[in-house]
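Trainee: Before anything else, here's the structure in question.
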Amino acid sequence: MQVKGTVTTVRFHNEESGWTVFALSTEDGPLTCVGTFFSLAEGEDLEVEGELVFHPKYGEQLQIKTAHKVEPTTTEQLIRYLSSGSIPHIGKKRATQLVDEYGVNVLTILREEPEVLLTLRGIGPVKAAAIQEALIAQEASSRTMMALQNLGIGPKTAQEILRVFGTDAMEEIKKNPYALVEQVDGIGFLTADAIAKKLGVEEDSLLRTKAAISYFCEHAALSDGACYVTQEELDRGLQRLLGGIPASYAEAIFALTVEERVVWDATEKRLYLRRFDVAERAVAMRLVLLRENAGEALTVNLPAIEEKIGLVADDLQKAAIAQAARDRVVVITGGPGTGKTTIVRAILELFDQNGLVSALAAPTGRAAKRLEQSTDREALTVHRLLGYRGGEESSGPTRNAENPLEADAVIVDELSMVDLPLMAHLMDALKDSARLVLVGDADQLPSVGAGNVLHDLIASGVIATVRLEHIYRQSEQSGIVRNAHRVRHGEMPVANEMGGDFFFLPTKNARDAADLIEDLVTRRLPDYYGFSPFQDIQVLSAMKRGECGVVSLNTRLQRALNPPREANREWDVGERHFREGDAVMQIKNDYDLSWTTA
């Protein structure tokens, strides 16, 4: 659907994402529109194209796919545009004066001859310059947006490009269209490559080959957690991305190496992203240093430890305690329910006996809270322990080699979730005399980020490792625990046992599965077990879209568990709809923010 109109009301605008809800006055009447705009003012004329949809709460809306501003031409449009608020220091009275004086050429005159503004009362050189700059910036932004859309770039992505590069965006893109991949969210190599072809970049250009190699390595880290790619993997990746191995292949690797973006291991035929090569070497060197500073073994009073925590240690548990007393770096691993947390409590008592100051940490807030509850000691996320500020992605740690942790011993639980860069920061923050105990299940999935730290430490055979085998936590009859170990040993899980806690419920299709999930959460599990749908039940899905995806299930469960009520407030944030009383999950920390209540 294509339509022209005038923006009459901007109802909502998110400064960060650009998500905007506004009313458009058209020949057929007012129309509610939603889309991404980083600059939109009431009174502006637009030509838009999109899909007309029906929102269950807000009714008919046009979801905009493409849009461009139409410079006003009539007297009425010009007055409305100049007095919209997007041009500083001009209200309706001044706008009317200017249009009456200069007619339909008023915008051109104001851009090229701003001194005419000095004839208006209250307008001096500073204000005249500000008006001129605003008009020129708006024209440049509009021109840039049109040029980007002519390259096949959608409005949302074009707005992001404009935000990153400003009105010089086209000049920057012509210099290196592949810079879009690294600097603009939502643009991958194939999109940038299509833009490059339209701009005449040669298929065998060094710029293109470097970008493809860099993108493939970054993608391998992001999607597979890979710190490096083998030459064979790289060759296959370039075949897919470029359709063949370019003649500039070797030159591109050399250039990326000189730019310190990659490291080529000629012996193993591996290409590392440099930051991962540096992190991997730093972790290894620090571990070696800690092991070499072994010193004397700690004194172990096993009966006192057992009495303090109510433990009668088996042989493996005794071995774990003895290992922690002997070595400065110890890995303790084992499947679910094998008593890893109990051993952490025992090792804490060991450190206490020897007068050591201990620190406890885990990769996530939930894991840290669980560790704190089980040990009755303060436990922090690894990021908080290291002193991150402003969120874990926007700043580095304040604890490092120059400002090390004060703890004599650091115990990190759930290490399988710790990626290589975070492990490098942790190692850098330990003082040279520190002891380090790393705890986790080596058979769990590796971290989301690059690296498989726990698995690699165990596989190295260099770090002292104790694997716990006996199942203690929960009943040995727990289907969850037994099946976790069955899967680890390559056996099929056993499901649907009478009185059990592990069930497999097949359905014919995704719609039936979604119906079943809703029924389990809202009725069957609460009725049978007395569970609270908000406090005791969590639904996990392997995908975002589709009937059984996160988006659809969240909408279903919100409708069933927390329907609209007159007393409850509601918010739209982008495409998400929140309602007071919803259960929400925090997925990113910003340690500089304070709690506030709405």
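The values are calculated or read from the model by the stated rules, or taken from the named source; none is laboratory data. Keep in mind that this is a model prediction, so the values were computed, not measured. Note: ideal-geometry Cβ built from the backbone for every residue, glycine included; neighbour counts use all protein chains shown. Note: areas computed on protein heavy atoms with side chains; ligands, DNA, RNA excluded. Shrake-Rupley method; radii C 1.70, N 1.55, O 1.52, S 1.80 Å.
Trainee: Where does each of Ile343, Ile458, Ile245 land when they are ordered by accessible area, with a 1.4 Å probe and the largest first?
Mentor: Result, largest first: Ile245, Ile458, Ile343.
Trainee: How big is D, in µm² s⁻¹, for region 436-533 by Stokes-Einstein at 20 °C and 1.002 mPa s if Rh is the Kirkwood radius over C-alpha pairs?
Mentor: In µm²/s, the coefficient is 126.
Trainee: Lysines within cross-link reach of Lys198: Cα-Cα under 23 Å, excluding same-chain residues under 8 positions apart?
Mentor: Straight-line reach from Lys198, under 23 Å: Lys65, Lys156, Lys174, Lys175, Lys210.
Trainee: Given Thr26, Pro88, Pro114, which one lies farthest toward the positive end of the charge dipole of region 1-148, if we put +1 on the Cβ of every Lys and Arg and -1 on the Cβ of every Asp and Glu?
Mentor: Pro88
Trainee: Here is a further query. Distance in nm between label sites at Met285 and Ala140, each 7 Å beyond Cα in the beta-carbon direction?
Mentor: Here the modelled spin labels are 4.5 nm apart.
Trainee: Turning to a different aspect of this structure: With only Lys, Arg, Asp and Glu charged, each at its Cβ (+1 for the first two, -1 for the last two), find how big the charge dipole of the chain is about the Cα centre; round to the nearest 20 debye.
Mentor: 480 debye
Trainee: Against the empirical 2.2 N^0.38 Å scaling, what ratio does the C-alpha Rg of region 43-109 come to?
Mentor: 1.45
Trainee: Determine which residues of region 58-90 fall in the zone a paramagnetic label at Asp28 would reach in this model, i.e. backbone nitrogen under 15 Å from the point 7 Å along Cα→Cβ.
Mentor: Answer for region 58-90: 60-64.
Trainee: Consider just the alpha-carbon atoms of region 220-266 and return their Rg together with their Dmax, both in angstrom.
Mentor: 11.2, 29
Trainee: Between Arg488 and Arg511, what FRET efficiency follows from the Cβ-Cβ distance if R0 is 30 Å, with the result rounded to 0.05?
Mentor: After rounding, the FRET efficiency stands at 0.35.
Trainee: For Ala130 and Asp314, what is the calculated FRET efficiency with R₀ set at 60 Å and r taken between the beta-carbons, to the nearest 0.05?
Mentor: 0.20
Trainee: How high is the FRET efficiency between Phe54 and Asp168 when r is their beta carbon distance and R₀ equals 45 Å, given to the nearest 0.05?
Mentor: 0.65
Trainee: Could you sort 315-323, 449-457, 350-358, 485-493 so that the peptide with the highest average Cβ count within 10 Å comes first and the rest follow in order?
Mentor: 449-457, 315-323, 350-358, 485-493
Trainee: A further question on this structure: Would you please classify the overall shape of region 484-528 from the alpha carbon gyration tensor, given that a ≥ b ≥ c denote the square roots of the eigenvalues, rounded means a/c under 1.5, and beyond that prolate means a/b larger than b/c while oblate covers the rest?
Mentor: The shape class here is oblate.
Trainee: Could you please put Tyr81, Tyr215 in sequence from largest to smallest accessible area, using a 1.4 Å probe?
Mentor: Tyr215, Tyr81
Trainee: Still on this structure: For region 348-422, compute Rh as the Kirkwood radius over C-alpha pairs and then the Stokes-Einstein diffusion coefficient at 10 °C and 1.306 mPa s; write the answer in µm²/s, rounded to an integer.
Mentor: Estimated via Stokes-Einstein, D reaches 122 µm²/s.
Trainee: Here's a follow-up. At a Cα cut-off below 18 Å, give the aspartates and glutamates reachable from Lys57, other chains included and same-chain residues fewer than 8 away excluded.
Mentor: Within the straight-line cut-off, Lys57 pairs with Glu566, Glu570, Asp572, Glu575, Glu580, Asp582.
Trainee: Same structure, new question: For region 349-499, build the convex hull from the C-alpha positions and give me its volume per residue in Å³.
Mentor: 154 Å³
Trainee: D for the chain, whole µm²/s, Stokes-Einstein with Kirkwood Rh over alpha-carbon pairs at 4 °C and 1.567 mPa s: what number?
Mentor: 44 µm²/s
Trainee: Taking all protein chains together and a probe of 1.4 Å, list Arg576, Arg559, Arg291 from the most accessible to the least accessible.
Mentor: The residues order as Arg576, Arg559, Arg291, largest area first.
Trainee: Which three numbers, in whole Å and largest first, are the semi-axes of the equivalent ellipsoid of region 166-277 derived from its Cα gyration tensor as √(5λ)?
Mentor: 24, 15, 13
Trainee: Per q in 0.16, 0.18, 0.31 1/Å, what log10 I(q)/I(0) does a Debye calculation on the alpha-carbon atoms of region 102-151 return?
Mentor: Cα-only, vacuum Debye calculation for region 102-151: -0.51, -0.60, -1.11.
Trainee: Multiplying the sequence separation of Gln353 and Lys269 by 0.36 nm and subtracting their Cα-Cα distance, what value in nm do you get?
Mentor: Here the answer is 25.3 nm.
Trainee: Separate question: How big is the charge dipole of region 177-318 about its Cα centre, in debye rounded to the nearest 20, if each Lys and Arg gets +1 on its Cβ and each Asp and Glu gets -1 on its Cβ?
Mentor: The dipole magnitude comes to about 300 debye.
Trainee: How long is the gain from Asn150 to Tyr528 if the chain were fully straight, where each residue apart is worth 0.36 nm and the alpha carbon distance is subtracted?
Mentor: 130.1 nm
Trainee: Roughly how far apart, in whole Å, are the Cα centres of region 416-445 and region 311-388?
Mentor: 12 Å
Trainee: Picking from Val184, Met427, Ile64, whose Cα lies most toward the positive end of the charge dipole for the chain (charges on Cβ: Lys, Arg +1; Asp, Glu -1)?
Mentor: Farthest towards the positive end: Ile64.
Trainee: Tell me the label-point distance for the pair Glu402, Glu101, using the 7 Å Cα-to-Cβ offset, in nm and rounded to one decimal.
Mentor: Taking the two extended label points, one gets 5.7 nm.
Trainee: Rounded, prolate or oblate for region 41-199? Axes are the square roots of the Cα gyration tensor eigenvalues, ordered a ≥ b ≥ c, and the cut-off for rounded is a/c under 1.5.
Mentor: Oblate.
Trainee: Convex hull over the Cα atoms of region 1-118, averaged projected area in nm²?
Mentor: 8.1 nm²
Trainee: Extending each Cα 7 Å along its Cβ direction at Ala542 and Glu112, get the distance between those two points in nm, one decimal.
Mentor: Inter-label distance under the simple model: 6.5 nm.
Trainee: Something else about it: Check which residues have an amide H placed less than 5 Å from Val331's amide H, if you skip close sequence neighbours.
Mentor: Leu438, Ala464, Thr465, Val466
Trainee: Moving on to the next point. Compute the distance from the alpha-carbon center of region 179-229 to that of region 234-288, in whole Å.
Mentor: After rounding, the separation between the Cα centres reads 14 Å.
Trainee: Mind checking which lysines have their Cα closer than 29 Å to the Cα of Lys340? Skip sequence neighbours fewer than 8 apart in that chain.
Mentor: Lys308, Lys318, Lys369, Lys431, Lys588
Trainee: Could you state the angle between the C-alpha long axis of helix 365-375 and the longest principal axis of the C-alpha atoms of the chain, as a value from 0 to 90 degrees rounded to the nearest 10?
Mentor: Once rounded, the angle reads 30 degrees.
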